[in-house]
Amino acid sequence: MSESEKPTFREAGSTKLTVGLALRQGTAALARAGIEGPDADMRRLTAGVLDVPPAKLLSEPERALSKAEARQLASYIARRARREPAARILGRRDFYGRSFLLSPATLDPRGDTETLVEMALDMVKEERWDPAKLRILDVGTGTGCLLLTLLCELPGATGTGTDISPAALLVARTNADRLGVGQRASWLTADALETVCGAFHILVSNPPYVRTADIARLDPEVCNFDPAIALDGGLDGLTLYRRMAREIPRVVPEGWALLEVGFDQADAVASVVSEGTAAVGCRVAELRIGRDVAGRRRCVAVKTRDGTHAQKPLGSCSSPG
């Protein structure tokens, strides 16, 4: 970015920088930097500086920014122009109507992942499960957005979030406390399903599924800021699915496993899971493909045994902390 394009705010005479002027100047600066959707990002960044909902900005275009606020906003715009995601700059991301803290150790949750939440909630209704008796497992929890959203939506349910990164689990634990469900969530440092012990009704996971060779071709917002360990799915993107497939029947003996997949991976993941569960003597009772709001096939859901309408007590051989 050239000196002339650096986003700076100046006061003209006695005229202060207002919200309306800041939005116009910042949007133009981000557009020059090639940022897609610069107006939306500018609203988020400005709202973050002023600590107000983005919608409130529209009703206060004449509100003046202090010099400190203008400096902070200029810094945010410069960082976004360098392709740092707005959520990373602000340190939080909205997911399914709730705000989740982020850190460099966690993936930045995307709207596509909300497909798993919708499918899981639909299945709870379909199976006529009592939410208060549900046990949920979230593999590779990151911010905890999947597990914690389900705990918020299903009063009384309990769950365990696992991650290979202790730093990510710390963020998830903090988010659980912020959302008021910390007492119903437990956390376990684990790689895939290794060391996970117990029986759960629902497994949800957004595992690494990007092919190793494709990572460098991702948008800078992803490849430069999301942790590589949360992206890299191996040579064909299916490494973690293969590792989990044989273990799914053990941790979900009677229930559903819902796995996020890449836009072109649904059939391959369905085959991997079916073959893996069959190898340990488990017949897949049902398999479904879920689509995101854009109609892309982004979720593979597997029912491990036909236990419809019969929610039996599930035991546990461990108690993660």
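What follows draws every value from the coordinates through simple rules; no lab data is involved. Keep in mind that this is a model prediction, so the values were computed, not measured. As a convention, Cβ positions derive from the backbone with ideal geometry for all residues, glycine included, and neighbour counts pool all protein chains shown.
From the convex hull of the Cα coordinates of the stretch 201-298, what is the mean projected area in square nanometres?
One quarter of the hull surface, i.e. the mean projection, equals 6.7 nm².
Could you give the Stokes-Einstein D for the stretch 91-135 in µm² per second, using the C-alpha Kirkwood radius, 25 °C, 0.890 mPa s?
Once the numbers are plugged in, D ends up at 199 µm²/s.
Which of G20, G161, G295 moves most in a GNM of the chain, Cα contacts under 10 Å?
G295
For the chain, set up a GNM with springs between Cα atoms under 10 Å and report which of L151, L259, L235 has the largest fluctuation.
L235
Ranked by Cβ crowding within 10 angstrom, fewest neighbours first, how are I229, I35, I202 ordered?
Fewest-to-most ranking of I229, I35, I202: I229, I35, I202.
Angle between the Cα long axis of helix 166-178 and the longest principal axis of the chain, 0 to 90 degrees, nearest 10?
Relative to the chain, helix 166-178 is tipped by roughly 80 degrees.
Which one, G97, G255, G234, has the greatest fluctuation when you compute a Gaussian network model over the chain with C-alpha springs under 10 angstrom?
Judging by the Gaussian network model, the answer is G97.
For helix 266-279, what angle does its Cα long axis make with the longest principal axis of the chain, in degrees from 0 to 90 and rounded to 10?
30
Once you list every other residue whose beta carbon is under 10 Å from the beta carbon of G142, what net charge do they have if Lys and Arg are +1 and Asp and Glu are -1?
Once positives and negatives cancel, what remains is -4.
Take the alpha carbon atoms of the stretch 93-158, find their center, do the same for the stretch 230-290, and report the distance between the two centers in whole angstrom.
About 19 Å separates the Cα centre of the stretch 93-158 from the one of the stretch 230-290.
Just in the stretch 26-95: which GluC sites (Glu not before Pro) are loop by DSSP and have at most 13 other Cβ atoms within 10 Å?
Those satisfying the criteria are E36, E62.
Full-extension gain between A213 and A68, please, as 0.36 nm times their residue separation minus the C-alpha to C-alpha distance.
That works out to 47.9 nm of additional length.
Within the chain, what's the longest stretch lacking trypsin sites (Lys or Arg not before Pro) that sit in DSSP loops with no more than 13 other Cβ atoms inside 10 Å?
Counting at most 13 other Cβ atoms within 10 Å as exposed, the longest clean stretch of the chain is 129-282.
Could you work out the relative contact order of the chain? I mean the mean sequence separation of Cα pairs under 8 Å and 6+ apart, divided by the number of residues, in percent.
Averaging sequence separation for qualifying contacts and normalising by length gives 14 percent for the chain.
When averaged across all projection directions, what area in nm² does the alpha-carbon convex hull of the stretch 72-169 cover?
7.0
Can you sort M119, M244, M42 by how many other beta carbons sit within 10 Å, fewest first?
Listing M119, M244, M42 from fewest to most nearby Cβ atoms yields M119, M244, M42.
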